[in-house]
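Scroll down for the structure; my scribbles are underneath it.
The values are calculated or read from the model by the stated rules, or taken from the named source; none is laboratory data. Predicted, not measured: the structure shown is a model, and the values here were computed from it. Cβ: placed from backbone, ideal geometry, glycine included. Neighbour counts: every protein chain shown.
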Amino acid sequence: MDNFFIYGAYGYTGRLITEHAVKQGLSPIIGGRDAAKTEALAKRHELDFVVLNANDSEKWDEVLTKVSLVLNCAGPFALTVKDIVPKCIEHSVHYLDITGEIEVFEYIQSLGQQAMDKSTVLMPGVGFDVVPTDCLSAQLHHKLPTATHLELAFQGTSGVSRGTALSMARRYHAGGTIRENGHMKTVPLAYQDKIIPFGEKERLCVTIPWGDVFTAYYSTQIENIKVYTGVSEKTLKSLRTYKKFKVLAKTSLAQWIFKKVIKSKIDGPSAIKRATCITHLWGKVSDNTTGQTVVAELTTPESYHLTALTAIESTIRVLKGKCLPGYQTPVTAFGKDFILSFDKVKLSFK
């Protein structure tokens, strides 16, 4: 199999993905901005490495002559993709990442025809964002092909990584996003809330700007999409209070403070949590013309552990040619049953 390059390999999720790749008998080249961290990870796993910034055009030219695929793990992805993705297309190198950032999906999809012309796959969102929710959407659409509305929700208990927190902080001021009548629509933070059942328990959930608001439309053609996540009453109250300060939140000072706090307080879920926690997902499709609805629940391993599994499996499949060129979602690439190919994943319809 052709070799691939993991960029951002020493970050929390990048490390997990690199470790899983090695366990699978793969030997990716790894890279990142920090020389000491990149070299240390490479030595630990006996891998080749490159130290480079996202905007280092000459270094990318060198790397992209040696590999057939880039797996980008360096978030916030909105700060890296506009340098990396065009370079990948230029060199006919497949591009995958683990983003959940809507603006990144939008940007990469806009390059789909260019990638197709170069026989190159562009597939952002091959981690927990958005593999399980993308597959859940397609499973529901398969049950109700006439669906006009899609709602998704998830509830995890393991916590978030530093990279995820930084991505959230960076776009906090932008509010929320839903899809309405086929078009992306900006809405206030914590736009809607509802009680959603996850297994035997019900949970207060609130809308969030999750990647599926963009991607599920391409996977299912459903024109109205909302995504929710579980929150506490206290968190919901805070979100609705803090949204009054969204203008302040995008200032350079506020962003500096966010980064400082996040880097000092957040790393990511422990190994025990990754091994034991379960993530619950819920989905509902409705046909507003006929009144029909279908509800499903999906359980998966802990989200960061799952990301390592799905990212490497996606990489393997793309390198084996099991995916058409151009912009793809996990579902358009691998089908609605992709998530069911992993251990400890269960799907049930209600």
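Tell me whether the stretch 179-186 contains one or more residues that are surrounded by 19 or more Cβ atoms within 10 Å (Cβ to Cβ), modelled with pLDDT of 85 or more and outside any strand (DSSP E or B).
no
Being assigned to a helix (DSSP H, G or I) and either modelled with pLDDT of 95 or more or within 23 Å of V70 (Cβ to Cβ) (or both) is true for just one of H173, H142. Which residue is that?
The match here is H142.
Taking the criterion of being surrounded by 22 or more Cβ atoms within 10 Å (Cβ to Cβ), more than 20 Å from the chain's Cα centre (by Cα) and of a type in the set (A, V, I, L, M, F, W, C), would at least one residue in the stretch 324-340 satisfy it?
no
Can you tell which of E39, E90, E103 is of a type in the set (D, E, K, R) and either within 19 Å of F214 (Cβ to Cβ) or not assigned by TED's automatic domain parsing to the domain that holds I316 (or both)?
None of the other options fit; the residue is E103.
Filter the stretch 61-98 down to the residues that are of a type in the set (G, A, S), surrounded by fewer than 24 Cβ atoms within 10 Å (Cβ to Cβ) and within 14 Å of the chain's Cα centre (by Cα) and list them by number.
Taking the stretch 61-98 first, the residues of a type in the set (G, A, S) are 68, 74-75, 78, 92.
Within this subset, residues satisfying the condition of being surrounded by fewer than 24 Cβ atoms within 10 Å (Cβ to Cβ) are 68, 78, 92.
Answer for the stretch 61-98, where residues must be of a type in the set (G, A, S), surrounded by fewer than 24 Cβ atoms within 10 Å (Cβ to Cβ) and within 14 Å of the chain's Cα centre (by Cα): just A78.
Need pairs with beta-carbon distance below 8 Å; first residue of a type in the set (D, E) and within the stretch 92-111, second surrounded by fewer than 21 Cβ atoms within 10 Å (Cβ to Cβ); sequence gap 6+ or separate chains.
Short answer, once both residue conditions are applied: E101/P76; E101/A78; E101/R171; E103/A78; E103/R171; E106/M184.
Only residues that are in a helix (DSSP H, G or I) and under 23 Å from the mean Cα position of the chain (by Cα): list them for the stretch 42-59, please.
If the condition is that a residue be in a helix (DSSP H, G or I) and under 23 Å from the mean Cα position of the chain (by Cα), then no residue fits.
Can you pull out every residue in the stretch 208-235 that is among the acidic types (D, E), within 20 Å of L189 (Cβ to Cβ) and surrounded by fewer than 23 Cβ atoms within 10 Å (Cβ to Cβ)?
Correct list: E233 only.
Assess whether A78 counts as being over 21 Å from T207 (Cα atoms) and at pLDDT below 95. Before you say what the answer is, go through the steps one by one.
Details: over 21 Å from T207 (Cα atoms): yes; at pLDDT below 95: yes.
So A78 fits the description; yes.
Could you pull out the residue among K265, K260, K243, K250 that is of a type outside the set (S, T, N, Q), within 23 Å of E151 (Cβ to Cβ), modelled with pLDDT under 95 and assigned by TED's automatic domain parsing to the domain that holds E202?
K243
Every residue in the stretch 272-315 that is in contact with a helix residue (DSSP H, G or I) (Cβ under 8 Å, 6 or more places away or on another chain), of a type in the set (G, A, S) and either under 29 Å from V121 (Cα atoms) or buried (at least 22 other Cβ atoms within 10 Å of the Cβ) (or both), please.
G283, A308, A311, S314
Specify which of the listed residues (L41, L71) is touching a Phe, Trp or Tyr at 6+ places or on another chain (Cβ under 7 Å) and farther than 25 Å from C323 by Cα.
Going through L41, L71 in turn, the sole match is L41.
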